[in-house]
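Quick notes on the structure that follows.
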Amino acid sequence: MKSTNQPSSETRPVESAIGQKLTAAYHPLRLVIDNQSHNHAGHVGAEEAIKHAAMVAERTANSVSRIRETHFAVTMVAEAFIGQSMLARQRAVMEILKVELAGPVHALSLDLKTPQEQEAQSASNGGH
């Protein structure tokens, strides 16, 4: 598995939980979790997500740092996606992350590929 970030569960608990859950479920060949929350600070939706996450954190005694983790982009390559439509892949991933989506996560972008799809994309991009 390749990941561009190794979040600490103490400093980035939501990002860490996303990585742990997806790794356990899919054993991905590649997993990149891009926390884009800093790009959305001050947006109306982000502020609503922060308020909601603060309530969830208060009820569950979770770290207050969670409230700053609201927007993510996930890129994952896994053999488990072979034979699944894009919609089926997205539904399955969203089901796995339902706790995060019901709480602190306001936006989640998913780029989910099979190894063959990744190879074909790399080949069409000149190997990049």
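The table that follows gives values for the structure above.
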item	result
Candidate set from the stretch 78-90 (those that are under 20 Å from HIS27 (Cβ atoms) and loosely packed, with under 12 Cβ neighbours inside 10 Å); member that is farthest from the chain's Cα centre (by Cα)	GLY83
Residues satisfying the stated conditions in the stretch 111-128, i.e. under 17 Å from HIS27 (Cβ atoms) and not in a helix (DSSP H, G or I)	LEU112, LYS113, THR114
Extreme residue, nearest to THR114 (Cα to Cα), among residues of the stretch 4-33 that are at pLDDT below 95 and in contact with a Lys or Arg (Cβ under 8 Å, 6 or more places away or on another chain)	VAL14
Residue match in the stretch 84-95 (condition: among the hydrophobic types (A, V, I, L, M, F, W, C), under 18 Å from GLN20 (Cα atoms) and not in a helix (DSSP H, G or I))	no
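The values are calculated or read from the model by the stated rules, or taken from the named source; none is laboratory data. A quick note: this is a predicted structure, and the numbers were derived from the prediction, not measured. A quick note on method: Cβ atoms are made from the backbone with ideal geometry, for glycine too, and the neighbour counts reach across all protein chains shown.
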